[in-house]
Amino acid sequence: NAGELRAVVTELSLALRRDLASRVPAAAPGLATDDCLAVVRRERPRWPLQEIADVLQALDRARFGPAVPRDVLALGEQVRMLSERLAREA
């Protein structure tokens with residue numbers, strides 16, 4: 001159901017934000033998306049900034065709009081791949 005999908009998306013968003021904050025402490029998980037992105041851009045300009053922005057914004061849209069199971073699965077895969085990429089680039 002929609003509530004369960006939103007809960008999954010919320011967890012995906014928190015996982016990515018925690019991952020970012022573990023590498024860039026100023027990008028605290030509670031920051032608004034635009035503020036988080038500004039911190040990451042300033043602190044880690046060589047990171048895949050557009051990809052990070054795209055995933056965070058897609059997660060926000062899925063959290064606050066209609067979520068489709070297939071889309072949530074795709075977002076989960078994007079979060080996993082992005083986290084792995086950041087671990088290599090850290």
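The values are calculated or read from the model by the stated rules, or taken from the named source; none is laboratory data. Being a predicted model, the structure only gives us computed values, none of them experimental. Positions of Cβ are backbone-derived with ideal geometry, glycine not excepted, and every protein chain shown enters the neighbour counts. What goes into the accessible areas is simple: the full protein's heavy atoms, side chains included, and nothing from ligands, DNA or RNA. Shrake-Rupley method; radii C 1.70, N 1.55, O 1.52, S 1.80 Å.
This table checks each residue for (1) of a type in the set (A, V, I, L, M, F, W, C); (2) farther than 18 Å from LEU12 by Cα.
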site	(1), (2)
LEU31	yes, no
ASP35	no, yes
ALA38	yes, yes
ARG44	no, yes
LEU56	yes, no
ALA67	yes, no
Among (1) modelled with pLDDT of 95 or more; (2) loosely packed, with under 13 Cβ neighbours inside 10 Å; (3) in a helix (DSSP H, G or I) - the single one PRO25 does not satisfy: (3)
Hits in segment 1-18 - residues which are under 13 Å from PRO66 (Cβ atoms) and without any contact (Cβ under 8 Å) to a residue 40 or more places away in the chain: ASN1, GLY3
Restricting segment 55-85 to residues that are over 12 Å from the mean Cα position of the chain (by Cα) and surrounded by 15 or more Cβ atoms within 10 Å (Cβ to Cβ), the residue that is nearest to ARG6 (Cα to Cα): ALA67
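The rows are residues; the columns are (1) assigned to a helix (DSSP H, G or I); (2) of a type in the set (D, E, K, R); (3) open to solvent by 40 Å² or more (accessible area, probe 1.4 Å).
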position	(1), (2), (3)
ARG6	yes, yes, yes
LEU12	yes, no, no
ARG17	yes, yes, no
ALA21	yes, no, no
LEU31	no, no, yes
LEU37	yes, no, no
VAL40	yes, no, no
PRO45	no, no, yes
ALA53	yes, no, no
Per-region count, segment 69-84, residues acidic (Asp, Glu), in contact with a helix residue (DSSP H, G or I) (Cβ under 9 Å, 6 or more places away or on another chain) and closer than 13 Å to ALA15 by Cα: 0
